[in-house]
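The values are calculated or read from the model by the stated rules, or taken from the named source; none is laboratory data. Quantities reported herein were computed from a predicted structural model and do not represent experimental measurements. Reconstructed Cβ throughout: ideal geometry from the backbone, glycine too, with neighbour counts over all protein chains shown.
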Amino acid sequence: MENDIKHSEDFIKNKVGKKPYFKLPTDYFDTIENEITAKISEDKLDKTNAFKVPEDYFSNVEHEVFKNINFNQKTTKVISFKERLRKAIPYAAAASIALFISLNTFVFNTNKELNFDAISDSEIEYWLDENTVSTSEIITILEDEILDENAFTFANINDESIEDYINSIDNTSLLNELN
């Protein structure tokens with residue numbers, strides 16, 4: 001512990017009674033590399049003036065520039081915007097009329113009525129799978145279309161027509177339906 005105190009900077013200052021002789025500037029080691037590189041580059045530069053303007057340069061430069069310009073160039077044809085617009089108007093009108101006629105004949109003249117018969121069974125099954133419908137909603141929708149049971153009592157079906165119907169059915173398909 002005494003060695004640490006004897007060799008500390010404060011201990012030496014007290015014994016010597018003055019400031020240390022060698023002292024570095026702040027950030028010396030951070031900036032020394034840049035300073036040395038700049039000094040070496042400066043020593044390598046040529047000390048003579050490399051940028052020298054020839055005599056009478058500014059008085060003759062205008063004449064030299066005009067000498068290189070060719071004033072006898074062909075004049076370009078200028079098409080005004082009005083002329084281009086006048087040429088394009090008939091094409092735009094024809095295209096708009098063709099578009100109007102095609103939209104009216106192909107899209108708007110569809111006489112297909114939408115009803116329940118136009119919907120395929122697969123679309124109905126998909127809708128039922130995707131949407132939950134309660135039985136009370138089905139009853140409110142189909143309440144008027146449910147037939148009365150007594151409406152079938154007045155139907156006169158002959159025994160012969162029933163027998164013909166049963167004979168016309170393939171027995172294997174009937175047995176498959178029962179299974």
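See the values below:
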| quantity | calculated |
| --- | --- |
| Scan of region 84-103 for residues that are surrounded by 10 or more Cβ atoms within 10 Å (Cβ to Cβ) and hydroxyl-bearing (Ser, Thr, Tyr), ordered by number | Ser96, Ser102 |
| Test for Glu143: is it of a type in the set (D, E, K, R) and modelled with pLDDT of 80 or more | no |
| Unmet requirement for Leu24, which otherwise passes all of (1) modelled with pLDDT of 85 or more; (2) in a loop (DSSP other than H, G, I, E, B) | (1) |
| Single condition Glu33 does not satisfy, out of (1) modelled with pLDDT of 90 or more; (2) surrounded by 10 or more Cβ atoms within 10 Å (Cβ to Cβ) | (2) |
| From Asn158, Asn167, Asn109, Asn171, residue being at pLDDT below 75, surrounded by fewer than 10 Cβ atoms within 10 Å (Cβ to Cβ) and over 52 Å from the mean Cα position of the chain (by Cα) | Asn171 |
| Boolean, Tyr126 is modelled with pLDDT of 80 or more, surrounded by 10 or more Cβ atoms within 10 Å (Cβ to Cβ) and either in a loop (DSSP other than H, G, I, E, B) or out of contact with any helix residue (DSSP H, G or I) (no Cβ under 6 Å at 6 or more places or on another chain) (or both) | yes |
